[in-house]
Each structure stands twice: as C-alpha cells, then as structure tokens.
Amino acid sequence: MKKIFLLVSALILTAACSAPSTNEPARPANVNAEKKAPAPVTQADAIANEKAVWDALKNKDYAAFSNLLAEDQLEVTGEAVNDKAGSTTMVKDFEPTEVAFSDWKFLSIDKDAYVVTYTVNVKGKYKGKDFPAESGRASSAWANRGGKWLAVYHQQCPVKPPMAPAKTAPKATTSPAGPPPAIPTAGPDAIANEKIVWDLFKAKNYDGFATLLDSDFIEVEPDGVNDKAGCVKGVAEFDASKAELSDWKTLKIDDDASLVTYTVKMAGQPGDGERNSSIWAKRDGKWVGVLHHGGTPVMKPAATAAPKESPAQPAKAPAKKP
C-alpha cells in the first residue's frame, strides 16, 4: 500500500506580491485554502504510522487513536465490519500490554495511498479479562486526506500453519477449441470486479484470474502471505463452485483505488463463513487487484469472554481468495 502528492502556492504568493497597495489592514490568510502534501512515504514511515496506532491503544489514548483514522475508515473483524465510530468504541475494551511485530511488507497503491501488512503478536486484556498471547496477520491501508496520512482500512486473521499439499494435483482443464473466452474488463466498481474474479474461479479459469492482478499483488491468508504466483497457485486448490458471497461494503480510497469487503460461505466450510477484502487500483489505465486479505472467520459478537481474535487498530482486529 503507498503514496504522495505535491501542492503549489506560488501563484497565490505571486498575486499577493503584485497586488496594488491599499490602506486596508492585512487580513489573516485562509489556512483552509491549501494544505501541504505529506512527503513521499517509505516503508519506514508506513511502519511508524502503524505502530503509532498500537501505541495509542497501549497508552489508552483514544483521542490520538481516533485522530489517526479517516472519517470513512472501515475495520474488518470477525464480529463485524466497523466504521470509525464502531472502531473507537470497540478498542476501549481492548488493553494490549505486550505487542511484537514481524514480517512487514509495504506496497504503494498510488501517490495518495499505500498498504502495509505484517504479523502481530499480542498479549493483554479484553473487557478486563486476561487473554493469552495471540498471533494475527494484519493489513492496513492508509490514504492522504487533506495533507495528512490517515488509516482507512484494517483487517486481521489468525495465524495458522501452512496447509498440507493436496494428495492429488488438481486436474488440468482443457481449453475449448477456438479463441479463449474474453475476460471482462475490471473497472472502478470494486464489487463488480470481485464478482468477475469469483466467476473465473467457478470456471477454473486461473490464467484469466492472473491477468486481473498487479505484478506486485499481495495476498494475506491465515497460512501465509503470498505474491501473485502463490495466490494463483493457491486458488486452483479449492472448489469455488458453490461459493456464496454477501454483506458487501465498499470504500473509495481515492480516485484511483477502491476497497471492497464481503463474506464468503463455501460448501463444507465450518462456521458462518469468512470475511474477505480486496483493494483494486488503476495502473497504467487498467484496474487491477493489488491486495487481498482473507481468512477472517465470521463470529458472533463477544460478551465478556476473551476474544478469539485480537481487536485492533486503524481499521484493526484479529477472509479467502479474492
């Protein structure tokens, strides 16, 4: 996830210097007219921003936590997809005492947005009760809003060991005679894009799916973090023919990037399904997938028991293929 942009006030300054003199007293500048753009973000910057959210939680500084979130922020947890108000309310029950990070990855979406993924190990209290150390795979998206970097999305899924390889390799599909079927073109409608992806899964058209992913694509799942090749290989190993998609929510990150989150229920899958999220971005005039986070199990809202997942941050909490 990644970004930057520059604003210039030279014309305003020039006009002010060349304007005819008057006897009127000087008026205060309009501070809302223009705002400085933040400097280009590096991976170190992205990590520092993410850690600032966790520090606010550890310090119980909920005002600072709220100030790091965009007004339209979405947080995907097992219990719900929270807006900013829901996130700031939920975290007051969450008291992290020990937090350790690893496996950081940084991806620039465009000049005004970026994504960061990582593994987080947390120990602390939830609703006043201790919970043991837990590990989650996390992803967050940040966007430049009015010259300030703010978190617009966060999701976590529990860490699980890699799945054992299938005993039998999936059968290769034979291509019908004639030209291959045309792949629908992805666009700014993230829900439509995601439905295209699942139609390709059901058709077992994994090569077609690959054409919809950016070369720097990142997939976050309980059993690991995959690049484009790893993701394409993985989706060929599950049966999506009876997948049911529901609970769609979208977020416009900026003019060239959109987020979609939804629930997937698969045949034979235990529980009430999993929450998935994907980010689509416009690259060289073409909309492509840049991030997918899956494997967050749908859960009933917790009462007073310690959660099965770590609540969290800018879009924070402990979904499957795009």
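The values are calculated or read from the model by the stated rules, or taken from the named source; none is laboratory data. For clarity, every value in this text was computed on a predicted model and none was experimentally measured. Using ideal geometry, Cβ is built from the backbone for each residue, glycine included, and neighbour counts are taken over all protein chains shown.
The residues on offer are Pro322, Pro297, Pro307, Pro311, and the sole one that is at pLDDT 75 or above and either surrounded by 14 or more Cβ atoms within 10 Å (Cβ to Cβ) or not assigned by TED's automatic domain parsing to the domain that holds Thr77 (or both) is Pro297. When the residues of region 106-130 are filtered to those that are surrounded by fewer than 19 Cβ atoms within 10 Å (Cβ to Cβ) and not hydroxyl-bearing (Ser, Thr, Tyr), the one that is farthest from Lys60 (Cα to Cα) is Lys111.
Would you mention how many residues in region 82-100 are aliphatic (A, V, I, L, M) and closer than 28 Å to Val260 by Cα? So the count comes out to 3. On inspection, Val220 qualifies as modelled with pLDDT of 95 or more and under 26 Å from Asp110 (Cβ atoms).
Scanning region 62-112 for residues that are modelled with pLDDT of 95 or more, in contact with an Asp or Glu (Cβ under 9 Å, 6 or more places away or on another chain) and either part of a helix (DSSP H, G or I) or in the same structural domain as Glu274 (by TED's automatic domain parsing) (or both) yields Ala64, Lys84, Gly86, Ser87.
Ser215 - would you say it is surrounded by fewer than 15 Cβ atoms within 10 Å (Cβ to Cβ) and farther than 21 Å from Lys105 by Cβ?
Here the answer is no, as Ser215 does not meet what is asked.
Among the residues making up region 193-209, those that are over 14 Å from Phe238 (Cβ atoms), buried (at least 17 other Cβ atoms within 10 Å of the Cβ) and over 19 Å from the mean Cα position of the chain (by Cα) are Ile196, Asn205, Gly208. Among the residues making up region 265-282, those that are more than 14 Å from Ala243 (Cβ to Cβ) and buried (at least 16 other Cβ atoms within 10 Å of the Cβ) are Ser277, Ser278, Ile279, Trp280, Ala281, Lys282. Specify which of the listed residues (Lys249, Lys265, Lys282) is under 25 Å from Lys84 (Cβ atoms) and among the basic types (Lys, Arg). Criteria check complete, one pass: Lys249.
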